[in-house]
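Worksheet: one structure, shown below.
Please treat every number below as a calculation from the coordinates, not as lab data. This structure is a prediction, so every number in the text was calculated from the model and none was measured. Here Cβ is always computed from backbone atoms with ideal geometry, including for glycine, and neighbour counts include all displayed protein chains.
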Amino acid sequence: MFLLVTSAIIVFLSLLIYLFYASYYIGSGVYLKAQCKLPVKEKTVFLSFDDGPSAYTTGVLDVLKRHNAKAIFFLIGENAEKNPEFVRVIVAEGHEIGNHSFCHKGTFPLMSSKQIAEDIKHCNQTLTDITGKTPNLFRPPFGVTNPLISSGLKKTGIPFKTIGWDVRSFDTMGGENAKIVDRITNQIEPGSIILLHDRMEFSAELLELLLTRLENEGWTIGVPKFEE
Ligand SMILES: [Zn+2]
C-alpha cells in the first residue's frame, strides 16, 4: 500500500513538473513550435526586446545604432498605440518587429482561445495601422504556451511564426548590469536568441555593456530574419 501511494505521488509530481515545463519553457515545443535559435555556425547572436515600446526604447535604439546592431522588438499593442512614433522609428532604423499580444495581461494564458485570437489580431491591426506592414512573428506573453494559446493563434488566420529564445537574461529582475551580462555571456552559443526588455530605466546602459562585452569577445550581432 505504502509503495502504491508513493508511486502514485511520484507519477503525479512528475506530471506536474512536465506540465510546468511544457507551459513555461518556450523551447519545449509541446503545445507550440517556437524557433528559439537561428541556424548559424559562426560567433553570431541575435537580440530580441520584449514589452515595448516604452519611454526607454529610444535609449536602446541609440545604443543599437552606435554599435551598428539590429534587433527584433516584440511589441505590446497597447504600448504601441500609446507611442506610435517609437514604433515607426524602430522600423525606420531597420529593426524587425513582432506581435507580443495587445493586452499582455497576467491572465492572457488563461483567456479563451477566441479571446486570445481577438487580442493577437488587435495587436497586429494596431501595428499594421502604424507601420503599414503586417507582422507575422509572434512571441507569447511571458513565454507561456498552452493549448489555448496554440488554438487562439490558429484562429487568427494569420500565418504566424512563433519566436522564442534560448538565452534568458532575467534583466527585468534588476541587479548589477555586469552580473546580467555575465549571465548572458555564460549561456550564449552560435545562433542564440537573447531575451531582453526595453522598458527599464537601465535598459540602454545594460545593452551598452552587453554589446561592448560581446564585441570584445569576438561575437557579432546578427540581423534577426526568420524566413521559412
Ligand atoms: Zn512580455
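At-a-glance table
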{"item": "Nearest-20 debye value, segment 105-228 charge dipole, Cβ charges on Lys, Arg, Asp, Glu", "result": "720"}
{"item": "For Lys161, residues with placed amide H under 5 Å, excluding near neighbours", "result": "Leu137, Phe138"}
{"item": "Qualifying trypsin sites (Lys or Arg not before Pro) in segment 199-228, DSSP loop, other Cβ atoms within 10 Å at most 15", "result": "Lys225"}
{"item": "Total charge dipole magnitude, segment 2-221, about the Cα centre, Cβ charges on Lys, Arg, Asp, Glu only, Debye to nearest 20", "result": "780"}
{"item": "Likely footprinting exposure, Glu227, Glu176, fewest C-beta neighbours within 10 Å first", "result": "Glu227, Glu176"}
{"item": "Inter-site label distance for Glu205 and Ala178 at 7 Å from Cα along Cβ, in nm", "result": "1.4"}
{"item": "Within straight-line cross-link reach of Lys179, lysines at Cα separation under 28 Å, skipping those fewer than 8 residues along the same chain", "result": "Lys37, Lys41, Lys43, Lys65, Lys70"}
{"item": "On Cα atoms only, tilt of 57-66 relative to the major axis of the chain in degrees", "result": "60"}
{"item": "Computed over the chain, Cα set: Rg, Dmax in Å", "result": "18.6, 68"}
{"item": "Cα gyration tensor, segment 43-159 - rounded (a/c under 1.5), prolate or oblate", "result": "prolate"}
{"item": "Angle in degrees between helix 2-24 and the longest Cα principal axis of the chain, rounded to the nearest 10", "result": "20"}
{"item": "DSSP-defined antiparallel bridges as percent of all bridges, the chain, nearest 5", "result": "5"}
{"item": "Sorted by Cβ density within 10 Å, fewest first, the residues Glu85, Glu93", "result": "Glu85, Glu93"}
{"item": "FRET efficiency for Ser14 and Gln187, using Cβ-Cβ distance with R0 set to 25 Å, rounded to 0.05", "result": "0.40"}
{"item": "Euclidean distance between Cα centres, segment 1-77 to segment 132-177, Å", "result": "8"}
{"item": "Least to most buried among His67, His100, His95 (fewest other Cβ within 10 Å first)", "result": "His67, His95, His100"}
{"item": "Segment 78-109 versus segment 196-216: alpha-carbon centroid distance in Å", "result": "19"}
{"item": "Inter-probe distance in nm under a simple model that places probes 7 Å from Cα toward Cβ, at Lys65 and Val5", "result": "6.8"}
{"item": "Structure-based [θ]222 nm, the chain - -39500 (n - 2.57) summed over DSSP H runs of at least 4, per residue, nearest 500", "result": "-13500 deg cm²/dmol"}
